Amino acid sequence: MKEEEVNTKLTVNLIPSAVTALEQAAALEGNSQTDTVNRALQTYAFLVLQQKAGKVIILRDEVTNATEIVRFL
């Protein structure tokens, strides 16, 4: 049985840098701000869960192969 989808309306107060990040992210993907916030929250939850499970999140530059560890906690 498929879980029924229920939308939740949320009001948030964003700091200026978060507003800029939201606008940039939405423009980059051509998504609405609502879609961008939904995707961002899902991505953040996934990354935090992975870290709590003992995994390391690493960014790797495809050109230089340089790596950087990303920490969300």
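Descriptive notes on the structure:
- Residue within the stretch 56-67 that is of a type outside the set (A, V, I, L, M, F, W, C), in contact with a strand residue (DSSP E or B) (Cβ under 7 Å, 6 or more places away or on another chain) and modelled with pLDDT of 95 or more present: yes
- Any hit, the stretch 49-64, residues being among the hydroxyl-bearing types (Ser, Thr, Tyr) and within 13 Å of the chain's Cα centre (by Cα): no
- For LYS9, the conditions (1) at pLDDT 95 or above; (2) more than 14 Å from the chain's Cα centre (by Cα) are fulfilled apart from (1).
- The set of residues from the stretch 29-44 being exposed (fewer than 11 other Cβ atoms within 10 Å of the Cβ) and within 14 Å of VAL70 (Cα to Cα) comprises just one member, THR43.
The values are calculated or read from the model by the stated rules, or taken from the named source; none is laboratory data. None of these values were measured; they are calculated from a predicted model. Virtual Cβ from ideal backbone geometry, glycine too; neighbours counted across all protein chains shown.
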